[in-house]
Amino acid sequence: LRSRRACRPSRGSPNGDVAMALRSSAVILMAALAMLITPTASKVQVVRTALGPQSAGHRWQYVSKFGFAIGTGEFRVRVRQVRRSGEPDLSGKKLVFERHLDERWPHVETTEDPCDRRADRKDPEVIVGVDGDWGPMRAGRLSQRVRPHVWYFALSACDALLPNGTFAFDVEVDARQQDGSHFSVEAAWAWQSSMLTLLVCSALLVRYWRKACRFWNHIGELHPVIKTLAGVIVSQYAAQVLHIGQLMIYSGNGRGAPILEILAEALLVGSEVVETSLLLVIAMGYTLTQCRSGVLGLCVPVCSAAAAFHVALVVLEKVEEEASHKFTGHEGVKGWTTLAMRLALFAWFLRAARSTAVSDGSLKVRAFLRQFAIAASAYFLAYPVSFLVV
């Protein structure tokens, strides 16, 4: 930026207008996402499922899973009917809450007759509550002595005499470790990793602040890019703080604080939109070759594409339901869609940077774009590498 003093912004300049457009689009997007985002599944979760008699073909449904560490964990479960108009009252009906060890789960899924999947005749029976209320809570214990195990839970109507039709039920499952934690075993280090991330973000924030101050003392003002990127870093830092608060509450009650999760996700997605848009518009020549014209024209489609990309991911996450084979929010359709979109944005970035380098012809611009492409590659390829490795 110091080498391009001709592009130093003034009020009403294209550079300032672009930065303002980026920030405004992020604010609008975060407000929209706050209405779209729903809290992720907790381990005190309510799952809606459908059951019916043998003729309906819905006698057995997967409900949830939980990874228990070595020791004796516990679970609690209760059921209520979601009664629609004209449906019979199923109060007092007994359904079986089946527990399946991870070693048996592949066999369970391949067993054709769902009523032959039950392995333990001591699986607890849960009673449907009266008039749509919750039935009595049933509790149980599961012990792991050699290694941690993932237990899969299912609801069965094989032994219940249900009338014809398919009926909706809410199943509340509360699973916890021996020490009372609601973290499944695969998320046991979530707290430590989040704190480490916060420390790294703190170091980055301090370093960026010092560099910005030196730039201010040298030039006398801050470029809109510096201000915008500062907003991105602060937003991501705030999102991480809210995420840690969510984890602290979640560990105790198994539900977390939905408002913290919604705010954290909105801040994170909004900052990613601005960051992606900023990388793309700089690669297209913003602050490099388009100081006087064409900047706002390229900013609108770039911001729109980045926003559409992130909104699509949120919608996918909302539509997809929990599955027995999914342990993170990035498996299945959402994960592969994110991978494809990230690679598409990366290809767009490389093409734009190459085009700018060719059209400008300046050795300084080309040298900058080479270094800039290396840094941007780390951002665009971080998710694909993590997705394929993990």
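The values are calculated or read from the model by the stated rules, or taken from the named source; none is laboratory data. Since the structure is predicted, the reported quantities are computational estimates derived from the model, not experimental observations. Ideal geometry is used to build each Cβ from the backbone, glycine not excepted, and the neighbour counts take in all protein chains shown. In case anyone asks, the SASA skips ligands and DNA or RNA and just uses the protein heavy atoms, side chains included. Shrake-Rupley method; radii C 1.70, N 1.55, O 1.52, S 1.80 Å.
The modelled label-to-label distance between A212 and R141, using points 7 Å beyond Cα along the C-beta direction, is 5.5 nm. Rolling a 1.4 Å probe across the protein heavy atoms gives segment 129-248 an accessible surface of 54 Å² per residue. Full extension of the chain between L363 and D159 gives 65.7 nm of extra length, using 0.36 nm per residue less the Cα-Cα distance. Could you tell me which of rounded, prolate or oblate describes segment 117-211, using a ≥ b ≥ c as the square roots of the eigenvalues of the alpha-carbon gyration tensor, with rounded for a/c under 1.5 and, failing that, prolate when a/b is larger than b/c and oblate otherwise? Prolate shape, in that a/c is at least 1.5 and a/b is the bigger ratio. Given their separation in residues at 0.36 nm each and the Cα-Cα distance between them, A119 and V234 gain 36.2 nm when the chain is fully extended. Rounded to the nearest 20 debye, the dipole size of segment 122-260 about its Cα centre is 1120 debye, using +1 on the Cβ of Lys and Arg and -1 on the Cβ of Asp and Glu. Under a 5 Å amide H cut-off, with hydrogens placed 1.01 Å from N, E98 pairs with A154, L155, S156 among residues at least 5 apart or on other chains.
Summarising the label geometry, the points placed 7 Å from Cα in the beta-carbon direction at E221 and R84 lie 6.3 nm from one another. Restricting segment 59-116 to GluC sites (Glu not before Pro) that sit in a DSSP loop and have at most 10 other Cβ atoms within 10 Å of their own Cβ leaves E103, E112. At the residue level, T110 shows approximately 110 square angstrom of accessible surface with a 1.4 angstrom probe and all protein chains present.
Here V130 and M248 are evaluated by their C-beta separation; at R0 = 30 Å the FRET efficiency comes out at 0.25.
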